[in-house]
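All remarks here apply to the structure that follows.
Readers should treat all values here as calculations from the given coordinates under stated rules, not as data from a laboratory. Treat the numbers as computed from the prediction; the structure is a model and nothing was measured. Positions of Cβ are generated from backbone atoms using ideal geometry, with glycine treated the same way; all protein chains shown enter the neighbour counts.
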Amino acid sequence: MRPDTYVGVAAQPGLGLGWTRVATSVAEFVSPSAIESIWLFAPVRREEREWGTAVLACHTGGDRRRIFTASYLIAIRGRTRGQGKVTVDEVGESPVAVIHEVIAGVMERAGETDPPVEIAPELWFGGDEPTAAEVHTDGGASVPGSLGVPSTGERATTMDSLSEARV
């Protein structure tokens, strides 16, 4: 891949190794067809690690939406480069009319100064090109496993074998 191509891919919100792993974990936890909106907070890089957080709104069949947060932590340098973890949590349910207020509350609690970027779910889960959820770290593509139906509670997916002691 040419360096100028890589810069464009890495700079586009929702793409990159951390977001790819988030998309894969979300697809295992929530049916991609149920996802209505995805908001991405700017990733934070500090020392040898990068953190990113996404908020997802999913259809419930009525005028409310289930709200999920999906976060990643990934080592970007050193011996553990590429290793990390992803967490997907269902955090509540909200009427459609107040979802943007919920996002503003998340922003405030997280101490974010910049608003999140809204991306189309198709960036991660649809279209003719392999999506973020289908691309493996080795560059190959495959169809994600069974997507199932959303469940309640918390689920954490560990990427590779980054020990909690190093986090």
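A compact table of results
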{"read-out": "Full-extension gain in nm, His59 to Arg81, via 0.36 nm per residue minus C-alpha separation", "value": "4.3 nm"}
{"read-out": "Extended-chain gain in nm, criterion 0.36 nm per residue less alpha-carbon gap, Glu112 and Glu47", "value": "21.5 nm"}
{"read-out": "Cβ-based exposure ranking for Ile76, Ile67, Ile35, in which fewest neighbours within 10 Å come first", "value": "Ile76, Ile67, Ile35"}
{"read-out": "Label-to-label distance, nm, for residues given as Glu122 and Glu36 (7 Å Cα→Cβ offset)", "value": "1.9"}
{"read-out": "HN-Hα J in Hz across the stretch 75-86 - Karplus 6.51, -1.76, 1.60, θ = phi - 60°, x for Gly and Pro", "value": "7, 9, 8, x, 4, 9, 3, x, 8, x, 8, 10"}
